[in-house]
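What follows is one structure encoded as C-alpha cells, with my remarks underneath.
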Amino acid sequence: MDIAIVGGGAAAVGLLDALAATEGEPAVGETGTITVFEPSPQLWRGRPYGPDLDSVLVNAPPAIMSIRNSDFGHYAAWLGDRGADHIDELLGLPLVPRALYGEYLAHTAEKAIAALGEQGRLVRVVAARVTEVVRSGARLVLRTHDTHDPYDTQEHEATHVALCVGGGTPPDPYGLDEFPGFTTDPYPLADTLDHVPAGGDVAIIGSGLTAVDVVVSLAARGHQGRITLLSRSGVLPHVWQRPDDRRPRHVTAERVAGLHQARGNVTLDDLVGLLRRELADAGEDFDELAAELRGTEAEDPVQRLRRQIAAVDDPRIGRRVLQETAHTVGPYVWRLLPEADRAWLRRHLRTATSVASPMVPVNASVLMRLLDSGQLAVTRGVHAIEPVNGWFRVRDDDGERTAEIVVNAVNPPPQAVPAAARHLVRSLVSAGLATLHPSGGLIPADPRVHVVGDLTGGGSFITSSIPGVAAQASRTAQALRTISAAVQPPAPGRP
C-alpha cells in the first residue's frame, strides 16, 4: 500500500501518528511508502502554528490540544517543564505561544516517521503542491508543481490518497483586498503588525478568536491608537473556565449511537435531554444554562466579558460540557440530525461558536483592560467599509467612523475549500473520485480517497478543532489498516 498525504499540517501529523501506532500491530506483511506533499516551508505546523509573535497563544488547555486521539496527556507530557513559563494565572494551566505548539507537532511527526521506518514503511516529503489526482488503472496518479518552478511538473503514483489540506481561505466580505492599509489574512501577525503605525486607528473586521489575537498582539507591542472591533453581532467569544476532571456520562457518542440504533433517528430534543441528565447529575439546572445562552447576542459584550472573567472558577459544568462535546460528539451527531435541526443551529452560529471556541482568560483580561481604558471598542451592526482618500470609512448602526488600518479577522466558513486546493478538488470531482457536499466540503466517492480535517464534507457547522482532527485521523488510519489487512496475503505458516 502506497499512501499519499496531501498537506503537511496538523491533520497530516495526526494521521502519521495514528498510522505509526503499534496497538494491534500493523497488518501482517504490510509494506509500501507514505509520501507527504507540502509546499510550505512550515512543514508540520500549517498556517496556525508557524513562527509568530509570542502573544499569539494556543487557545485551549493542554488536554484539548493533544494530536494523538484519546490521549489527553500526550501534548502535556511533551511540554513538560516548559509549561511553567507560560501559566495563565486565572486558568492555572500553561498556554504557550503557537510557535511552540508547532514544535510539538513537528516532534510528533518526526517520532511517527521514525516508528514507521522501524515497521518497514518509508516516509518521504515532497516540497510540491498537488494540483491534480487522476485514475491510472488500479492506482492513482498525483500531479505536482514545484514551489520554485511552476513549469516543473511531476507525477507520483499511490494506492490511496488522504487529503489533509487544512481550512479554507479567509473571505474578503467588503472587497478591500487591493487597497493599501487592508490586510486580508492577519497571520503571521509578526508581519502584519510591522506595518501598523504605533498611533494609528485600527479597525478589525470580526470579533472572534482571530480578532482577539490581533487586539492582544497590538497591546503587546505597545500600540497607542484606537482599536475597534467591527462586527455584525458584537458577540465576543466566551471565556475558558478552569477545566475539571469530570468526563460527560450522558452526552457521549455511545449514548447518541444507542439512540440512533434504537429509533433510527436523533433529534436536537434528544441532545437536550442528554444534557439535562448530565446537569441533573451535577445538581444543576438546564433552564438556567439555556437562558444564559439565549442572552448571548442581546447582552452588552463588555458586561458579559466582565462577568465571564469573574466566573472562570465557577464550578458549574454546563458550559464545560458544551465546549467538550461540541468538538467530540458534535461532528458525529451532526450527520444524524434532521435538516430542520441543523438549520436551527446554523441560525445560532455566532452563539454556538462563542461557546464552543472560547478565549483564554489571559487574553480576556487584556481585552477587559483595553475596554475599560477606552482604547478598545466593540461595534455592532456594521453595514459597509469603504476606502476614501487613503482611509477607510465604516458605516454601522451608530453612524460613521474612520480607520487608518483595517485588519480582516473573518474566518473562512467550515468545510470551505482552500484557494490553493481548488484545482486539486476540481480534479477529484471530475475524475469521479469525490463529490462536493451541498453544505460544503468533499465526500470521497472512491474507497481509495480519504479526507482528514475541516474539508470533510457534511461535517459540523463549527470549524474542526484539534480533538476533532485527531479523531478523524485515527478513523482514517484504522480504515487504511483494515484495507491493508484485507489485501495482504497471509504470512507463511498462517491460514
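None of the figures in this text is laboratory data; all of them are computed from the coordinates on show. Note that the structure is a prediction, hence the values are computed from the model and not measured. So basically every Cβ, Gly included, is an ideal-geometry build from the backbone, and we count neighbours across all protein chains shown.
Structure values in brief
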read-out: 3J(HN,Hα) from dihedral phi, the stretch 401-411, Karplus parametrisation 6.51/-1.76/1.60, rounded to Hz, x for glycine, proline; value: 8, 10, 9, 7, 10, 10, 10, 7, 10, 7, 7
read-out: Qualifying trypsin sites (Lys or Arg not before Pro) in the stretch 231-314, DSSP loop, other Cβ atoms within 10 Å at most 15; value: Arg246, Arg249
read-out: 37 °C / 0.692 mPa s Stokes-Einstein diffusion coefficient of the chain, Kirkwood radius on C-alpha pairs, µm²/s; value: 136 µm²/s
read-out: Asp152/Arg426 FRET efficiency (R0 30 Å; Cβ-Cβ; nearest 0.05); value: 0.90
read-out: Normalised convex hull volume, the stretch 284-427, alpha-carbon set, Å³ per residue; value: 192 Å³
read-out: For the stretch 231-277: rounded, prolate or oblate by the Cα gyration tensor [a/c cutoff 1.5]; value: oblate
read-out: Neighbour count of at most 10 Cβ within 10 Å plus DSSP loop: longest GluC sites (Glu not before Pro)-free window in the chain; value: 179-495
read-out: Helix 301-310 vs. the chain, principal-axis angle (Cα, 0 to 90°, nearest 10); value: 70 degrees
read-out: Charge dipole magnitude, Cβ of K and R +1, D and E -1 - the chain, Cα centre, debye nearest 20; value: 1060 debye
read-out: Residue-by-residue Karplus 3J(HN,Hα) for the stretch 169-178, coefficients 6.51, -1.76, 1.60, Hz, glycine and proline x; value: 8, x, x, 10, x, 10, x, 9, 3, 8
read-out: Ile34 long-range amide H proximity, modeled H, under 5 Å; value: Ile3, Leu122, Val123, Arg124
read-out: Using distinct alpha-carbon pairs, which all enter the 1/r mean, Kirkwood radius of the stretch 83-139 in Å; value: 15.3 Å
read-out: Cut-off under 5 Å, modelled amide H: who pairs with Ala128 long-range; value: Glu38
read-out: Placed amide H near Ile205: partners under 5 Å, 5+ positions off or other chain; value: Leu230, Val407, Asn408, Ala409
read-out: Size descriptor, Kirkwood hydrodynamic radius, that averages inverse alpha-carbon separations across the stretch 253-356, Å; value: 14.9 Å
read-out: Magnitude of the charge dipole, the stretch 114-218, Cβ model with Lys/Arg +1 and Asp/Glu -1, debye to 20; value: 660 debye
read-out: Charged-residue dipole, Cβ positions (Lys, Arg, Asp, Glu), the stretch 253-356 about Cα centre, Debye nearest 20; value: 380 debye
read-out: Cα gyration tensor, the stretch 1-157 - rounded (a/c under 1.5), prolate or oblate; value: oblate
read-out: HN-Hα J in Hz across the stretch 352-365 - Karplus 6.51, -1.76, 1.60, θ = phi - 60°, x for Gly and Pro; value: 4, 5, 4, 6, 6, 10, x, 8, 7, x, 4, 6, 4, 5
read-out: Net charge over other residues, Cβ less than 15 angstrom from the Cβ of Asp270 (K, R count +1; D, E count -1); value: +2
read-out: Cα gyration tensor shape for the stretch 356-418, rounded if a/c is under 1.5, else prolate or oblate; value: oblate
